[in-house]
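Written below as structure tokens is the structure these notes are about.
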Amino acid sequence: MADFRVVISDPTSGKSYQVEVSGSQANKFITQRIGDTIEGDAVGLGGYTLKITGGSDKDGFSMRPDLPGQARRKLLVSKSIGFKPKRAGLRKRKAYRGREISNETGQINLVVIEHGRKTIDEIFAPPQEAAEVVEETGEVVDE
């Protein structure tokens, strides 16, 4: 069974939310690729449409959208994802993961394309404790 840490970015509010996904919900991400769109039901956001923008594997190696497959490969890169050369012409061999999500993927980055009826803040807000609710009389109510 796969389990993922999903980071959802909301471009309208500028906030990011982190969600743990496992079991049958995580299976919806297997074989998806960077650039694909998915329904928000997979992460508890009914009515939302999300786009996969990247991710990393369980060892921290980032995914590249131009590298086919799911395997980890070493590439000789100049100015690229995860490498910013200090001088012109500098190149480095770095390991990257392919663009397809697999069981080895640890984190998936998503961005909101279409919003649902409720805001993400309302959906992911922690529930208020019933004991903390204070009535007008000033007494703590236990329900």
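Since every read-out is calculated from the coordinates, none of them should be taken as a lab result. Since this is a predicted model, take the numbers as computed values, not measurements. Cβ coordinates were reconstructed from backbone atoms using ideal geometry, including for glycine residues, and neighbour counts include every protein chain displayed.
Details
- Label point 7 Å beyond Cα of ARG117 along Cβ direction - residues of the range 36-78 with amide nitrogen under 17 Å: 40-41, 44-49
- Pairs with C-alpha atoms separated by more than 32 Å, drawn from the list LYS51/LYS79; LYS15/LYS84; LYS94/LYS118; LYS84/LYS118; LYS28/LYS86, are LYS94/LYS118; LYS84/LYS118; LYS28/LYS86.
- Each Lys and Arg adds +1 at its Cβ and each Asp and Glu adds -1 at its Cβ; summed about the Cα centre, the range 1-119 shows a dipole of about 1060 debye.
- Projecting the Cα atoms of THR31, PHE61, GLY46 onto the charge dipole of the chain (Cβ charges, centred on the Cα centre) puts PHE61 farthest toward the positive pole.
- Mean residue ellipticity (222 nm) of the chain, computed from DSSP H runs ≥ 4 via -39,500 (n - 2.57), nearest 500: -1000 deg cm²/dmol
- Cα-only Debye scattering, the chain: base-10 log of I(q)/I(0) at q = 0.10, 0.17 Å⁻¹: -0.46, -0.94
- Scaled radius of gyration (Cα, divided by 2.2 N^0.38 Å) that the range 7-56 gives: 1.11
- One Cα centroid belongs to the range 64-85, the other to the range 43-58; the line between them spans 21 Å.
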